[in-house]
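Okay, structure first, notes after.
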Amino acid sequence: MSDKLCLMTGGSRGLGAALVEQYQQQGWTVREFSRSGSGEAHFDADFSRRESAIDVIDAEFRAQASQDWDEVVLILNAAQIGPIGPLPSSAPRDWWQSLDVNLTLNISAAGLFQQHFQHSPARKTLAVISSGAARMGMGGWSLYCLAKAGLERLAESIAEEQQNADHPIQTLSISPGLIDTQMQAEIRSSDADNFADVEEFIAFKEQGALVDPNRVATAVRQLIDSPFRSGELKSVSEILS
């Protein structure tokens with residue numbers, strides 16, 4: 001068995017799927033939690049159903065924490081862009097689902113990671129896959145902006161809390177840039193009445209500004225592997241530029 005463990009929320013497609021594949025190719029033991037993943041690394045966890053999803057994550061984190069690891073990485077990648085538009089254009093149940101997928105279950109995974117792995121002497125990293133949306137409000141993306149900003153603040157707070165821990169967990173927020181994923185396709189299909197910047201995102205695709213997920217995944221792994229100050233924000237553009 002590998003002496004390195006990667007845990008990931010949202011590893012079924014796009015950047016998450018590319019990260020799962022690359023970590024596996026590097027010989028890591030991988031456990032990914034999502035609704036639509038597949039393969040030996042996959043654990044079925046529908047983040048829109050918080051109670052059942054957190055039970056799956058809790059049980060597997062507990063099982064893996066009972067083993068000895070040299071390094072453990074948790075990557076919080078689960079996300080959805082919708083509902084796109086001002087809040088009155090959707091229903092409260094849509095808001096709750098968005099926040100469960102983007103924020104609540106990722107926060108819960110971070111908390112369980114601390115509960116189960118805190119006393120492990122392994123090198124431990126909690127990495128947040130963030131977004132430029134975390135640092136600016138965008139019309140039509142209020143819930144997505146809120147969730148990404150919340151995860152960045154969570155990573156900063158955990159870094160502060162871990163300063164005097166015997167076996168600290170290091171945290172890192174990563175801005176991945178524009179990736180050629182299904183989420184981008186969903187954005188481009190938005191109604192301009194709900195998302196005024198849709199033409200800009202259509203132009204990103206037409207101009208070749210979107211980066212292949214595998215290239216971004218390689219950069220994300222490099223940022224996690226390299227020395228960093230716990231709690232800081234790094235961008236894949238530092239690697240890809």
(Q) Among the residues that make up the range 50-60, is at least one of them closer than 28 Å to D197 by Cα and in contact (Cβ under 8 Å) with a residue 24 or more places away in the chain? (A) no
Q. What number of residues in the range 1-27 are surrounded by fewer than 23 Cβ atoms within 10 Å (Cβ to Cβ) and within 17 Å of D225 (Cα to Cα)?
A. 10
Q: Sort out for me the helices (runs of 4 or more DSSP H) sitting completely within the range 187-241 that have 2 or more residues that are closer than 23 Å to L151 by Cα and among the charged types (D, E, K, R).
A: 213-225
**Q.** In the range 112-129, the residues that are surrounded by 15 or more Cβ atoms within 10 Å (Cβ to Cβ) and assigned to a helix (DSSP H, G or I)
**A.** L112, F113, Q114, H116, F117
Q) In this structure, is A147 in contact with a Lys or Arg (Cβ under 8 Å, 6 or more places away or on another chain) and either assigned to a loop (DSSP other than H, G, I, E, B) or under 18 Å from I187 (Cβ atoms) (or both)? A) no
Q | Members of the range 45-78 that are of a type in the set (A, V, I, L, M, F, W, C), over 24 Å from N102 (Cβ atoms) and in a helix (DSSP H, G or I) | A | A63, A65
Q | Residues satisfying the stated conditions in the range 3-44, i.e. more than 15 Å from R221 (Cβ to Cβ), outside any strand (DSSP E or B) and among the polar types (S, T, N, Q) | A | S12, S36, S38
Q: Scan the range 211-241 residue by residue and report those that are aliphatic (A, V, I, L, M) and either under 17 Å from the mean Cα position of the chain (by Cα) or surrounded by fewer than 17 Cβ atoms within 10 Å (Cβ to Cβ) (or both).
A: V216, A217, A219, V220, L223, I224, L233, V236, I239, L240
Q | Flag for A134 being of a type in the set (A, V, I, L, M), in contact with a helix residue (DSSP H, G or I) (Cβ under 8 Å, 6 or more places away or on another chain), within 23 Å of P88 (Cα to Cα) and outside any loop (DSSP other than H, G, I, E, B) | A | yes
Q.
Pairs needed: first member in the range 79-95, of a type in the set (D, E); second member anywhere, buried (at least 17 other Cβ atoms within 10 Å of the Cβ) and at pLDDT 95 or above; C-beta distance under 9 Å; at least 6 residues apart or different chains.
A. D94/P83; D94/L143
Q.
With of a type in the set (V, I, T), over 13 Å from S12 (Cβ atoms) and surrounded by 13 or more Cβ atoms within 10 Å (Cβ to Cβ) as the only criterion, which of V30, V73 stands out?
A. V73
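The values are calculated or read from the model by the stated rules, or taken from the named source; none is laboratory data. The model shown is predicted, which means the values in this text are computed figures rather than measured ones. All Cβ positions, even for glycine, are placed from backbone atoms using ideal geometry, and neighbour counts span all protein chains on display.
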